[in-house]
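Comments concern the structure below.
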Amino acid sequence: MSLPPRHGVVRVISKMGLGSRTQAAHWVSEGRVRVNDQVVRDPEFPVRQGLDRVVVEGQVSTSAQRQVLMLNKPRGLVTTTRDEQGRDTVYRCLAGADLPWLAPVGRLDMASEGLLLFTNDPAWAALVTDPRTGPPKTYHVQIDRLPDEALLASLHQGVTLDGERLAVRTARCLRKGQRNAWLVISLDEGRNRQIRRLLSALGVSVLRLVRVAVGPLDLGDLPKGQWRMLTVPEVDGLTRGGTR
């Protein structure tokens with residue numbers, strides 16, 4: 001079995017979610033960090049995460065205070081840490097920020113936009129994305145036709161594609177134009193391109209897709225490409241019962 005790669009201790013502390021790299025560098029310079037019981041003062045001191053024992057101020061650094069961030073994702077960005085095709089990722093919006101390592105909670109496809117969460121707590125993220133424990137996700141979807149009751153009923157009834165059942169939790173018309181309309185669609189789970197695939201199966205094309213809420217958390221007036229940290233009550237509200 002191959003060993004995990006070595007990384008600088010400051011980077012490892014940040015990836016654990018204990019603090020930003022700047023904070024970790026201060027802790028190292030102050031002599032508050034030990035690796036395998038040895039005080040280290042070099043921010044690039046090599047550490048194998050998961051094998052080496054990292055301690056900050058006498059506490060084993062295996063967990064950290066949960067941090068959750070919300071981003072208003074623009075179109076054209078990929079929800080991944082690194083894209084093999086060289087496309088811009090959502091981390092472009094976080095560039096330059098003094099943040100610990102945060103991972104996306106679920107994903108939005110490249111053409112979609114709106115509310116995207118990030119956290120340093122994988123267990124909490126799993127609760128939010130699990131359809132049994134997580135809140136519903138709400139989308140505004142612009143389609144290339146005017147909807148009727150039959151279309152809305154078909155969205156609720158759902159379809160089966162490649163052995164996978166695709167259906168919405170709720171769907172209603174938000175507003176209509178002369179040739180297209182906006183729908184409000186709620187999902188209990190976010191399967192890969194679920195809304196686009198379902199509408200396509202019903203002969204409907206998606207012009208825009210914006211996630212506007214996750215449970216009680218609304219996108220609000222957060223500008224596109226901008227982010228903010230969630231408050232503790234906001235974080236707690238995403239995993240409490242009764243958010244459906």
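Which ones in the range 121-164 are among the β-branched types (V, I, T) and either under 19 Å from V184 (Cβ atoms) or in contact with a strand residue (DSSP E or B) (Cβ under 8 Å, 6 or more places away or on another chain) (or both)? Quick ask: steps written out before the conclusion?
Going through the range 121-164, the residues among the β-branched types (V, I, T) turn out to be 128-129, 133, 138, 141, 143, 159-160.
V128, T129, T138, V141, I143, V159, T160 - these are the residues of the range 121-164 that are among the β-branched types (V, I, T) and either under 19 Å from V184 (Cβ atoms) or in contact with a strand residue (DSSP E or B) (Cβ under 8 Å, 6 or more places away or on another chain) (or both).
Hey, any hits in the range 122-140 for a residue that's surrounded by 20 or more Cβ atoms within 10 Å (Cβ to Cβ), in contact with a Leu (Cβ under 6 Å, 6 or more places away or on another chain) and assigned to a helix (DSSP H, G or I)? Yes, the range 122-140 has at least one match.
Residue check: D88 meets all listed conditions (1) in contact (Cβ under 8 Å) with a residue 24 or more places away in the chain; (2) surrounded by fewer than 21 Cβ atoms within 10 Å (Cβ to Cβ); (3) among the charged types (D, E, K, R) but one, namely (1).
Search the range 26-72 for residues being among the small types (G, A, S) and modelled with pLDDT under 85, and hand back the single one that is surrounded by the most Cβ atoms within 10 Å (Cβ to Cβ). It comes out as S61. Looking across the range 91-121 at every residue that is charged (D, E, K, R) and part of a loop (DSSP other than H, G, I, E, B), the one that is surrounded by the most Cβ atoms within 10 Å (Cβ to Cβ) is identified as D121. Taking the range 3-27 as the search range and keeping residues that are assigned to a loop (DSSP other than H, G, I, E, B) and aliphatic (A, V, I, L, M), which one is nearest to P46 (Cα to Cα)? Only one residue tops the list, namely L3. Is at least one residue of the range 78-85 outside any loop (DSSP other than H, G, I, E, B) and within 20 Å of the chain's Cα centre (by Cα)? Checked the range 78-85: at least one residue is outside any loop (DSSP other than H, G, I, E, B) and within 20 Å of the chain's Cα centre (by Cα).
When the range 164-223 is filtered for residues that are surrounded by 15 or more Cβ atoms within 10 Å (Cβ to Cβ), assigned to a loop (DSSP other than H, G, I, E, B), among the charged types (D, E, K, R) and touching a residue at least 60 places away in the same chain (Cβ under 8 Å), only R193 remains. Scanning the range 118-139 for any residue that is touching a Pro at 6+ places or on another chain (Cβ under 8 Å) and within 22 Å of D83 (Cβ to Cβ) turns up at least one such residue.
The values are calculated or read from the model by the stated rules, or taken from the named source; none is laboratory data. Just so it is clear, the model here is predicted, and its values are computed rather than measured. Neighbour counts are summed over all protein chains in view; Cβ atoms, including those assigned to glycine, are modelled from backbone coordinates with ideal geometry.
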